[in-house]
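Undergrad: Sharing a structure with you now.
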Amino acid sequence: EKGGYDYFMLKEIAEQPKAVADTLLGRVDAAGSLTLDEVRISTSELREMDKVVIVACGTAFHAGLIAKYAIEHWTRIPCEVELASEFRYRDPILDPRTLVIAISQSGETMDTLMALRHAREQGSKVLAICNTNGSTIPRESDAVLYTHAGPEVAVASTKAFLTQLVACYLVALYLAQVRGTKWADEIQAVVRELSRSSQDVDRVLDTMEPVRELARSLAGKRTVLFLGRHVGYPVALEGALKLKELAYMHAEGFAAGELKHGPIALIEEDLPVVVVVPSPRGRSVLHDKIVSNIQEIRARGARTIVIAEEGDEAVAPYADHLIRIPATPTLLQPLVATVPLQVFACELATARGNEVDQPRNLAKSVTVE
Ligand code: F6R
């Protein structure tokens, strides 16, 4: 059942190109319009929405953080992202013009379920993004967009995360479409880019041997830090979470711009720091800033592990280890940038003798609050 792989996690990492493609399948009609037929909230209601609130936990929360960039950019609707476990306890402001998006692989996470129940009690509509047909969260929501990742068995989420991203991009584009923002005309182009991402993920998977080698060489380390900017920041958080849960190592993700406000004090000789570098095309300001962040930490002795686009030569001189990913539109970069971090965490866990599919103290679905 592991299809020749040693662990379900390796199988599920390898299935990502297909999972991404499957989640896109059948959702764009011949005219280039998105048809999300499981979305049972009327278009007139969607046009009235003046706020989006995303609730989720763990890896799904990181997908939500990335979704915020896409939703605000493509729809211009303000979007908040909140940990489901914090949400209802602070008496959040909700009304019928708030669209709540609950993201959950299992569809059974109690924190997320309680958050969506609270939102519906306040009159908000809830759209679930879920991987498990007929599970509780989609059953209790007003609408569902299923991710088609297939069953995810390993406790650490991988392919579900990538498909959650795809589903979030689709929801963002759908909102742009029904509201007629200027991005509505770009739907076909973005969907084409999303389909290409599936092939790009495949290419990334083909080049992972140096990443595995690097991971093995770091098995004796105590701490790894992760830095990113813009959508690379949630990717950094996800890289750190994967490492904590699988390798049982201390790992933290930071927004690179926050370094100088505290975390740079942690940098010491030979500390591994993974940096997710934004594309040098388009938002080049972001790129230039992260290059100086890399220089700053390297000057203080960090061992820099740099994830950068093919053709990005400006970062190369400051990278002790350079991991290449295909050039991708900025908002979609998490689809390719996350993959090396999954492989890195999985290999490090194996090198430390940990049980990859069943990390200690964790369960696949967390049905208690
Ligand atoms: C991390 C992981 C967890 C889950 C979280 C939410 O690899 O698997 O952080 O992402 O418990 O679970 P779902 O998506 O089932 O609600």
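The values are calculated or read from the model by the stated rules, or taken from the named source; none is laboratory data. Keep in mind that what you see is a predicted model, and the values were worked out from it rather than measured. Positions of Cβ are backbone-derived with ideal geometry, glycine not excepted, and every protein chain shown enters the neighbour counts.
Undergrad: Test L175 against the stated conditions and say whether it is within 20 Å of L99 (Cβ to Cβ), over 19 Å from the mean Cα position of the chain (by Cα) and assigned to a helix (DSSP H, G or I).
TA: On the way: within 20 Å of L99 (Cβ to Cβ): yes; over 19 Å from the mean Cα position of the chain (by Cα): yes; assigned to a helix (DSSP H, G or I): yes.
The answer is yes for L175.
Undergrad: Run down K2, K11, K51 and say which single residue is closer than 25 Å to L194 by Cα and among the charged types (D, E, K, R).
TA: Exactly one residue qualifies, and that residue is K11.
Per-residue answers, yes or no, for (1) under 21 Å from the mean Cα position of the chain (by Cα); (2) under 24 Å from N354 (Cα atoms); (3) modelled with pLDDT of 95 or more:
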residue: A219; (1), (2), (3): no, yes, yes
residue: F226; (1), (2), (3): yes, yes, yes
residue: H230; (1), (2), (3): yes, no, yes
residue: P234; (1), (2), (3): yes, no, yes
residue: L243; (1), (2), (3): yes, yes, yes
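Undergrad: If we scan region 152-162, do we find a residue that is away from the ligand (no atom under 14 Å from the Cβ) and of a type in the set (A, V, I, L, M, F, W, C)?
TA: There is no residue in region 152-162 that is away from the ligand (no atom under 14 Å from the Cβ) and of a type in the set (A, V, I, L, M, F, W, C).
Undergrad: Looking at region 116-145, which of its residues are within 15 Å of the ligand (Cβ to nearest atom) and surrounded by fewer than 20 Cβ atoms within 10 Å (Cβ to Cβ)?
TA: Hits for region 116-145 are R117, N133, G134, R139, E140.
Undergrad: Tell me which residues, restricted to region 222-236, are more than 19 Å from M9 (Cβ to Cβ) and in a helix (DSSP H, G or I).
TA: G232, Y233, P234, A236
Undergrad: Let me ask something else. Do any residues in region 136-160 that are over 17 Å from L113 (Cβ atoms) and among the acidic types (D, E) have Cβ atoms under 7 Å from those of residues that are part of a loop (DSSP other than H, G, I, E, B) and near the ligand (Cβ under 8 Å from one of its atoms), where the two are at least six apart or on different chains, and which pairs are they?
TA: Qualifying pairs under 7 Å: E152/Q105; E152/N131.
Undergrad: Taking A251 as meeting all but one of (1) out of contact with any Asp or Glu (no Cβ under 7 Å at 6 or more places or on another chain); (2) farther than 27 Å from Q164 by Cα; (3) part of a strand (DSSP E or B), write down the number of the exception.
TA: For A251, the failing item is (2).
Undergrad: Just wondering, is there one or more residues in region 353-366 that are more than 16 Å from the ligand (Cβ to nearest atom), in contact with an Asp or Glu (Cβ under 7 Å, 6 or more places away or on another chain), hydroxyl-bearing (S, T, Y) and closer than 28 Å to I103 by Cβ?
TA: no
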